[in-house]
Amino acid sequence: MSIWKRIGDAISALANGEGLSAIFDHLRTPPERSVAFTIAVIALSAKMAKADGLVTRDEVSAMREVFQIAREDEPGAARVFNLARKDVAGFEEYARRIRAMFGDGQDCLCDLMEGLFHIAMADGTYHPAEDAFLARVAEIFGMGEAEFRGLRSRFVPDAAPDPFAVLGVTPGTPIEDIRRAWKQLVRDTHPDAMVARGVPAEAVKMAEKRMIDLNNAWEEISASEDA
């Protein structure tokens, strides 16, 4: 069964009168994490599009920045997007329920934030309202300011990415500790590791850009160390 069929079943299971945000209370078990992850990314991206007031891109095309969506599955993705846009619940309520659903799964929440950045940048611009939206979601998710800045620097081309921030270290960190941090991040970025923590197989292509960013950051730091 495709993930989009499973998403359709999860939406159909909502009781009459329940908004889409209620779905996050029903998808807490690990086998359904991939369904929950997909709905969370699409639902929050819909709220983000509503927040900046600039729906200048085709929504399903933007979703393709994160998910592999077959032509026949496009109506399902669009349905989730539209349900979230129309839901009276605010984005902060969505973010809180998603945080509760994933619990202490910070790696998965970071994956989710990465998906939102992919979608925010799908039209080539980064609106101030999108920045405020993502910063608030990251705060609700329990992501520190430094981690958010590091993630933002990888996607928003207003400055060269800080290689130390990308690897989650500081300039004064010993080079061997930086190497260990880089290797751990590379292991965490392996598609098998991402699928194990709930990222659907349709979205693991996110790992490609992350791996490039991690390796570029390590190469820049190690090169300056050798100079």
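The values are calculated or read from the model by the stated rules, or taken from the named source; none is laboratory data. These figures come from a predicted structure and were not determined experimentally. Cβ: placed from backbone, ideal geometry, glycine included. Neighbour counts: every protein chain shown. For accessibility, only protein heavy atoms count, side chains too; no ligands or nucleic acids. Shrake-Rupley method; radii C 1.70, N 1.55, O 1.52, S 1.80 Å.
Some observations on this one:
- If you filter the range 146-165 down to residues that are of a type outside the set (Lys, Arg) and under 16 Å from the mean Cα position of the chain (by Cα), you find that the one that is most open to solvent (accessible area, probe 1.4 Å) is Glu147.
- Test: residue in the range 183-195 that is polar (S, T, N, Q), out of contact with any Gly (no Cβ under 7 Å at 6 or more places or on another chain) and in contact (Cβ under 8 Å) with a residue 24 or more places away in the chain: yes
- Only a single criterion out of (1) modelled with pLDDT of 80 or more; (2) among the aliphatic types (A, V, I, L, M); (3) assigned to a loop (DSSP other than H, G, I, E, B); (4) surrounded by fewer than 21 Cβ atoms within 10 Å (Cβ to Cβ) is not satisfied by Val55, namely (1).
- For the range 156-175, the count of residues that are within 20 Å of Ala22 (Cα to Cα) and part of a helix (DSSP H, G or I) is zero.
- In the range 35-52, the qualifying residues are those that are small (Gly, Ala, Ser) and modelled with pLDDT under 85, and the one that is least open to solvent (accessible area, probe 1.4 Å) is Ala49.
- Restricting the range 196-227 to residues that are among the β-branched types (Val, Ile, Thr) and without any contact (Cβ under 8 Å) to a residue 60 or more places away in the chain leaves a set whose member that is farthest from Pro163 (Cα to Cα) is Val204.
- Residues in the range 176-203 that are assigned to a loop (DSSP other than H, G, I, E, B) and open to solvent by less than 30 Å² (accessible area, probe 1.4 Å): Gly198, Val199, Pro200.
- Being over 30 Å from Asp73 (Cα atoms), of a type in the set (S, T, N, Q) and over 18 Å from the mean Cα position of the chain (by Cα) is a description that applies to Ser222.
- Of all residues making up the range 1-24, the number that are among the hydrophobic types (A, V, I, L, M, F, W, C) and open to solvent by 50 Å² or more (accessible area, probe 1.4 Å): 3
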